[in-house]
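The values are calculated or read from the model by the stated rules, or taken from the named source; none is laboratory data. Computed from a predicted model, the values in this text were never measured in an experiment. We place every Cβ from the backbone using ideal geometry, glycine too, and count neighbours over all the protein chains shown.
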Amino acid sequence: MQIRSARPAEAELLSGIALRSKAYWGYADAFMAACRDELTLDAAAMEQAWAVVAEDGERVVGFATVTGGPPEAQLDMLFVEPDVIGRGVGRALFARARGRAEELGCRRLTIDSDPNAEPFYLLAMGAERIGFTPSGSIPGRELPLLALELPQGS
């Protein structure tokens, strides 16, 4: 597996990965329809974002995006194709996202987590729940707000 910078022309491909990855958790069609806009990337946004993809051979199998700057960066998106979940792709993408936050000099990386992904961030990546944040797609729904404290002087 290789991790490289995402390309603006891959926006549609990455949007598809995000939607398939979210649907993996068994959400109803109506829920997925409500999330579609929030999970859709476009080339213009990709040109301004820090984004990486994980490739397995010629196939893109996941991606991550990070925004923000000191003192705090945000993991905006981290999605993996359902057929490779559990094979280290998410872990590798998260490590790269964390590295980006550290390169920027951030002291904290925050994550608005899907409830189903929360154990990954808490148990495998060392994040802590610091509260809740409103869903950008579903009125009245709250998502776990997580944070990973980064070493000072990174």
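Is it fair to say S135 is surrounded by 21 or more Cβ atoms within 10 Å (Cβ to Cβ), more than 17 Å from I3 (Cβ to Cβ) and among the hydroxyl-bearing types (S, T, Y)? Give the steps one after another, and end with the answer.
Working: surrounded by 21 or more Cβ atoms within 10 Å (Cβ to Cβ): no; more than 17 Å from I3 (Cβ to Cβ): yes; among the hydroxyl-bearing types (S, T, Y): yes.
Against the criterion (surrounded by 21 or more Cβ atoms within 10 Å (Cβ to Cβ), more than 17 Å from I3 (Cβ to Cβ) and among the hydroxyl-bearing types (S, T, Y)), S135 does not qualify.
If T67 passes every condition in (1) in contact with a Gly (Cβ under 7 Å, 6 or more places away or on another chain); (2) free of Cβ contacts under 8 Å to residues at least 40 places away in the same chain but one, which one does it miss?
(1)
Can you tell me how many residues within segment 72-109 are closer than 23 Å to Y27 by Cβ, in contact (Cβ under 8 Å) with a residue 40 or more places away in the chain, of a type outside the set (F, W, Y) and in contact with a Leu (Cβ under 9 Å, 6 or more places away or on another chain)?
Qualifying residue count for the region: 3.
Looking only at residues in segment 26-51 that are over 11 Å from E10 (Cα atoms) and under 14 Å from the mean Cα position of the chain (by Cα), which one is surrounded by the most Cβ atoms within 10 Å (Cβ to Cβ)?
Only one residue fits best here, namely L39.
Can you pull out every residue in segment 99-132 that is surrounded by 15 or more Cβ atoms within 10 Å (Cβ to Cβ), hydrophobic (A, V, I, L, M, F, W, C), more than 21 Å from F79 (Cβ to Cβ) and at pLDDT 95 or above?
Matches in segment 99-132: C106 only.
May I ask you to verify whether L146 is buried (at least 17 other Cβ atoms within 10 Å of the Cβ), closer than 21 Å to Y27 by Cα, among the aliphatic types (A, V, I, L, M) and without any contact (Cβ under 8 Å) to a residue 40 or more places away in the chain?
no
Take the residues in segment 57-80 that are over 16 Å from L150 (Cβ atoms) and out of contact with any Asp or Glu (no Cβ under 9 Å at 6 or more places or on another chain); name whichever of them is surrounded by the fewest Cβ atoms within 10 Å (Cβ to Cβ).
E58
So which residues in segment 84-118 are touching a strand residue (DSSP E or B) at 6+ places or on another chain (Cβ under 8 Å), charged (D, E, K, R) and not in a loop (DSSP other than H, G, I, E, B), if there are any at all?
Passing the criteria: R96, R98, R100, R108, D112, E118.
Does segment 98-113 contain any residue that is under 18 Å from R20 (Cα atoms) and aliphatic (A, V, I, L, M)? Let's see the steps before the verdict.
To start, the set of residues in segment 98-113 that are under 18 Å from R20 (Cα atoms) comprises 113.
Checking which are aliphatic (A, V, I, L, M) leaves us with none.
No, because not a single residue in segment 98-113 is under 18 Å from R20 (Cα atoms) and aliphatic (A, V, I, L, M).
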